[in-house]
Amino acid sequence: MRLAMWSGPRTLSTAMMRAFSSRPDCVVVDEPLYAFYLAASGIQHPARAAVMASQSQDWATVVRALTTDPLPPGRTLSYQKHMTHHMLPEVDRTAFAPLTHAFLVRDPRDLLRSYAQVRTAPTLEDLGLPQQVELFERFGGPVLASADVLADPTAALTALCDAVGIAFTPAMLSWPAGPHPADGVWAEHWYAGVRASIGFAQRSRGPAPTDELPERLEPLLARCIPYYDALAAHRLLVT
């Protein structure tokens, strides 16, 4: 199976990649369209030149590899961590049809509080929510909320595995601290929290105790909520 997990930034996406990397049957792929996105958009990100040199900048070449390249010996599962904002309009969505699709979402209030710590003026385009809804409407697939993963990792990951037709394994609940061989070259700029972790930090499903959302981000929050609500309506039941 080749599983594409679609999310925006700051949604627990790297921790989820770590969980799947802990499976002995799985190989993980970290943001394979990042170099394409930087080259096509011209946006300035940390380690831009290194990212662009580390991957193919041609989206079609990347997707062919993701959908047809043989998996390593002994591996039957490919977990692909995709950022939805990398899906620029010129990318042919139908090329992703051979993949199994899943979606990771986070309450936009929490997402924006977190993202504003690394980019002071995020935009809707930075978050990829319109593309995430578009991909869900095209392909369908289970929708997993990051809050549910944090509240009960075993139940949430079991629900996800059941939904895509693979067996849950407790190995997914922990991983070694530090870098992972599959991490992109951008990891040193974005993955400090995950590299310091050895598993999911559990908390209640209720609102997290956080600072108030900066007032300047309230208009963006209002634009995010309808997209999030459209996806959260299909959220996996985690019990």
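Could you check what % of the DSSP bridge pairs in the chain are antiparallel, to the nearest 5?
Numbers: 1 of 20 bridges.
For the chain, the DSSP antiparallel bridge percentage is about 5.
Normalized C-alpha radius of gyration of segment 119-162, against 2.2 N^0.38 Å?
On the way: Rg = 13.7 Å, N = 44, 2.2 N^0.38 = 9.3 Å.
Computed over Cα atoms of segment 119-162, the ratio equals 1.48.
Post the alpha-carbon centroid distance, segment 6-43 to segment 170-194, in whole angstrom. About 11 Å separates the Cα centre of segment 6-43 from the one of segment 170-194. Expressed as a fraction of 2.2 N^0.38 Å, the value expected for a compact globular protein of N residues, the C-alpha radius of gyration of segment 1-41 is 1.30.
Using θ = phi - 60° in the Karplus curve 6.51 cos²θ - 1.76 cosθ + 1.60, the 3J(HN,Hα) couplings for segment 22-27 round to 7, 6, x, 9, 10, 10 Hz; x is entered for Gly and Pro.
Just to confirm, what accessible area per residue do you get for the chain at 1.4 Å probe, in whole Å²? Intermediate values should be presented prior to the final figure.
Details: 10540 Å² over 239 residues.
Dividing the accessible area of the chain by its residue count gives 44 Å².
Based on the Cα coordinates of the chain, what is the per residue volume of their convex hull in Å³? Please list the in-between numbers first.
Working: hull volume 29.0 nm³, N = 239.
So the per-residue Cα hull volume is 121 Å³.
Largest accessible area first, the residues TYR227, TYR191 order themselves as TYR227, TYR191 under a 1.4 Å probe with ligands, DNA and RNA left out.
Where the accessible area of segment 59-156 is counted over protein heavy atoms with a 1.4 Å probe, how much of it, in %, is carbon and sulfur?
Values: 1930 of 3720 Å².
In segment 59-156, the share of accessible area belonging to carbon and sulfur is 52 percent.
Quote the relative contact order of the chain in percent (integer), defining contacts as alpha-carbon pairs under 8 Å separated by 6+ residues. For the chain, the relative contact order is 29 percent. The protection proxy used here, the mean number of other Cβ atoms lying within 10 Å of each residue, ranks peptides 68-78, 169-179, 28-38 as follows, highest first: 28-38, 169-179, 68-78.
Accessible surface ranking for HIS45, HIS86, 1.4 angstrom probe, highest first: HIS45, HIS86.
Calculate for the chain the 222 nm mean residue ellipticity that helices alone would give, adding -39,500 (n - 2.57) per DSSP H run of length 4 or more and normalising by residue count, nearest 500 deg cm²/dmol.
Values: 12 runs with 98 residues, N = 239.
Result for the chain, helices only: -11000 deg cm²/dmol.
For the chain, the Cβ-based charge dipole about the Cα centre amounts to some 320 debye (Lys, Arg positive; Asp, Glu negative; other atoms uncharged). In terms of packing, defined here as the mean over residues of other Cβ atoms within 10 angstrom, the peptides 102-109, 122-129, 56-63 line up highest first as 102-109, 122-129, 56-63. Each principal axis of the Cα cloud of segment 57-193 was taken in turn, and the coordinate range along them, longest first, works out to 44, 38, 31 Å.
The values are calculated or read from the model by the stated rules, or taken from the named source; none is laboratory data. Just so it is clear, the structure is predicted and the values come from calculations on it, not from any experiment. Here Cβ is always computed from backbone atoms with ideal geometry, including for glycine, and neighbour counts include all displayed protein chains. The accessibility values were calculated without ligands, DNA or RNA, using every heavy atom of the protein model including side chains. Shrake-Rupley method; radii C 1.70, N 1.55, O 1.52, S 1.80 Å.
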